[in-house]
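Below you'll find the structure, written out as structure tokens, and then a few comments.
The values are calculated or read from the model by the stated rules, or taken from the named source; none is laboratory data. In this text, all values refer to a predicted model and were calculated from it rather than measured experimentally. Neighbour counts run over all protein chains shown; Cβ positions are idealised from the backbone, glycine included. Side chains are part of the model used for accessible areas, which takes the heavy atoms of the whole protein and leaves out ligands, DNA and RNA. Shrake-Rupley method; radii C 1.70, N 1.55, O 1.52, S 1.80 Å.
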Amino acid sequence: MSTKDFIEKDYYKVLGVPKDATEAEIKKAYRKLAREFHPDANKGNTRAEERFKEISEANDILGDPKKRKEYDEARTLFGNGGFRPGPGAGGSFNFDLGDLFGGGAQGGQGGQGAGGFGGGIGDVFGGLFNRGSSGTTRVQPRRGQDIESEVTLSFTEAIEGATVPLRMSSQSPCKGCSGTGDANGTPRVCPTCVGTGQVARGSGGGFSLTDPCPDCKGRGLIAEHPCDICKGSGRAKSSRTMQVRIPAGVSDGQRIRLRGKGAPGERGGPAGDLYVVVHVDPHPVFGRKDDNLTVTVPVTYPEAALGGEVRVPTLGGPPVTLKLPPGTPNGRTMRARGKGAFRKDGTRGDLLITVEVSVPKDLSGKARDALEAYREATAGEDPRAELFQAAKGA
């Protein structure tokens, strides 16, 4: 991505959120759009695939507080027609916006997105034009591509954590030319951009914008004898299987970032990041509410009316004994502490147990006689009397 694209793209509009949206609102909007436009749900739909890339790019920026701050500052400073000197300033103010982000051309290849922006606003005057102390231009390292993948876990795996294999495809240094792009391993520095991988483009207003160099495609190098495998790009598609540890307590739809587990960098650059979106299958018995697990337990009418002890299953552990006080109403929720999902600090939430009075469909003669006797004994009681009184008074 060019610096111009970075500044001019309205990521808030892409996610459909206001500029003062909270992190939770941004996260919610991203999840909704990602599910709607994910390639797996829109096979063969190239427009949906492009939309998904835009959504992921926007989330990479707005979902990271540091990147969002840099983005907002850059948009405020340069977003509408360029930099304007303050009152009384004279002359012109020329500098390369690529240096504002510490080598922004890194993001120009392979869909790398915002991950290539490094230094931020504070580095504007440090290392301008990526030159060394001697004044010569260096060919810069390039950060690897970020990768996004998905994994589906069972309910128990999500609560307890799991190590899962992920097969990923990404662009990595070509093995045929060791990432140089040249069959002989001796590429030359691009004369157009002098190895920076970016070219300045005047836009008026006394400053310049940068774009990836059209001759070397942002690499800073040109292959005299292009490699037959990568055609001179220095990058080739590769597949690998990685064992990824999913932490305990993840929830459905959560997006996990694994730093440095993405595509390898180029010329000594750091690897990109791996983003894993977690999907969790439902459980036939247990549910989840934040850090707590939920379960509905049927009890008999005598247990609810007279009280008693009821055994309740837990997820992956021994049952717990629930003490019902006499007169427990239907739908009452009780708590078994420490039997829920794992929190980030290693502690566990609770198991929320909801009591459901079970009404038998078939009664034996003895049971029916007992209930008839109970009905006669409570004939003078009307459980709906207060209901009608309240209805009249409303």
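By per-residue mean of other Cβ atoms within 10 Å, what is the highest-first order of 282-292, 189-199, 370-380?
Answer by packing, highest mean first, reads 189-199, 282-292, 370-380.
Rounded, prolate or oblate: which one fits segment 150-284, using the alpha carbon gyration tensor with axes a ≥ b ≥ c (rounded when a/c is under 1.5, else prolate when a/b beats b/c, else oblate)?
Oblate.
Determine the relative contact order of segment 199-325: mean sequence separation of Cα pairs under 8 Å and six or more apart, normalised by residue count, in whole percent.
For segment 199-325, the relative contact order is 11 percent.
Over segment 299-387, what percent of the accessible surface lies on carbon and sulfur atoms, probe 1.4 Å?
With neighbouring chains kept in place, the figure for segment 299-387 is 53 percent.
What is segment 289-333's relative contact order, in percent, from Cα pairs under 8 angstrom and six or more apart in sequence?
Values: 47 pairs, mean separation 15.6, N = 45.
This gives 35 percent for segment 289-333.
Rolling a 1.4 Å sphere over the protein heavy atoms, what is the accessible area per residue of segment 212-364, to the nearest Å²? Intermediate results must be reported in sequence, preceding the final value.
Numbers: 8560 Å² over 153 residues.
Normalised by residue count, the accessible surface of segment 212-364 is 56 Å².
What value in Å³ per residue do you get for the convex hull of the alpha-carbon atoms in segment 214-363?
Here the figure is 189 Å³ per residue.
Cα-based Rg of segment 301-374 per 2.2 N^0.38 Å, rounded to two decimals? Provide the component values of the computation, followed by the final result.
Values: Rg = 16.5 Å, N = 74, 2.2 N^0.38 = 11.3 Å.
Dividing the Cα radius of gyration by 2.2 N^0.38 Å gives 1.46.
What does the extension gain come out to for D72 and A305, with contour length at 0.36 nm per residue minus their alpha carbon separation?
Gain on extension, D72 to A305, equals 77.7 nm.
Do any of K13/K261; K32/K339; K19/K53; K32/K67; K237/K344 go past 25 Å between their Cα atoms, and which?
From the list (K13/K261; K32/K339; K19/K53; K32/K67; K237/K344), the Cα-Cα distance tops 25 Å for K13/K261; K32/K339; K237/K344.
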